[in-house]
Amino acid sequence: MATFWDRVRIYLNSPTVVDLAQMLGVKRTTLSSWIHNNRRPPLDTLLKISELTGVSIAQLELGHDTVYDDEVGENPVAYRREIDEMIGALAEDELRLLRQLIPYLKNPPQKEDA
């Protein structure tokens, strides 16, 4: 089963640790530690990975999108409970970042047609 970091490498065409560290703006040793210990990066780096790969964080994490709109509609209480549990596990700095992201998620900038 592919790990989070395996999927990141696949989506980014298997860059080396050095290349990936440069893409993410982190030290090679920091990235190596995350990969070796199968740890997730801070949220800002995770968002950058999602942006670079063009896939959702859920897809990076689990290999597929875990929640579809239909599922949310079928069981919104369970969905909210799952989100509450995830939020409860966040560190204080991650909570601050999430608080900043919520207005953006509610009103994302409109993409211009090319």
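What follows is calculated from the coordinates using simple rules that are stated; it is not laboratory data. This structure is a prediction, so every number in the text was calculated from the model and none was measured. Ideal geometry is used to build each Cβ from the backbone, glycine not excepted, and the neighbour counts take in all protein chains shown.
By the beta-carbon count within 10 Å of each Cβ, the least crowded to most crowded order of 106, 27, 48, fewest first, is 106, 27, 48.
Listing 79, 104 from fewest to most neighbouring C-beta atoms within 10 Å gives 104, 79.
Would you mind counting up the charge near residue 87? Only other residues with Cβ under 14 Å from its Cβ, with Lys and Arg at +1 and Asp and Glu at -1. Could you put the intermediate results ahead of the total?
Values: positive: 80, 81, 96, 99; negative: 82, 84, 85, 92, 93, 94.
That sum, taken over residues with Cβ under 14 Å, equals -2.
Order by neighbour count: 33, 50, 56, fewest other Cβ atoms within 10 Å first, most last. Could the numbers behind the result be given before it?
Numbers: 33 11, 50 17, 56 14.
Ascending Cβ contact count within 10 Å gives the list 33, 56, 50.
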